[in-house]
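Written out below as structure tokens is the structure these notes cover.
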Amino acid sequence: PLPMPQTVESTKLLREVLEVTNQTHPYAQHLLIHSTEMSNVQAETALTSAEHLLANTAKLQDQHLQHMTSHTYLRTGRYHQALLSNVVAVRSDDAYLQHHWMPYGPGHNSVFLVCCALWGGEKAEAYKY
């Protein structure tokens, strides 16, 4: 797809934010993934942000941020990494549910996990969930 001018501008601004924050701003990382996920070529440019975002949220219970990294991994053919980021997100979902809280998007995280597992040839992992 052809990028919209607004998407090009917002992606540029997000990259500037990440540059001045030494790639550490989680919200900018998150939005960069959203702004690049419609293109395989653009998704490649968000890999560093995805890696940092998952590393910095893996021990938290930020399901959506954990899951979002899988959009970049899926678009770039890194199916196992996409699977792993969704495993982290689903575990966070489970922690919320155990306290009778509603997590953000548990069904989407689970379905994405299964799709990533199957696309990556990890049928046994898909059946676990």
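Every read-out reported here was derived from the displayed coordinates using simple, explicitly stated rules and does not represent laboratory data. Computed from a prediction, not measured in an experiment: that's the story for all the values here. Ideal geometry is used to build each Cβ from the backbone, glycine not excepted, and the neighbour counts take in all protein chains shown.
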Taking a crude spin-label model, label points 7 Å out from Cα along the C-beta direction, the Leu118 to His64 distance in nm is 2.6
Here FRET efficiency (C-beta to C-beta, Gln23 to Arg91, R₀ 22 Å, nearest 0.05) is 0.30
Most packed first (mean Cβ within 10 Å per residue), the peptides 49-57, 80-88, 34-42, 67-75 order as 67-75, 80-88, 49-57, 34-42
Among Ala46, Gln98, Leu118, the residue whose Cα sits farthest towards the positive end of the charge dipole of the chain, when +1 is placed on the Cβ of each Lys and Arg and -1 on the Cβ of each Asp and Glu, is Leu118
Along principal axes, largest first, the alpha-carbon spread of the stretch 49-92 in whole Å comes out as 26, 19, 13
Projected onto their principal axes, the Cα atoms of the chain stretch, largest extent first, over whole-Å spans of 40, 32, 22
Taking the square root of 5λ for each eigenvalue of the C-alpha gyration tensor of the stretch 40-113, the equivalent ellipsoid has semi-axes, largest first and in whole angstrom, of 22, 12, 9
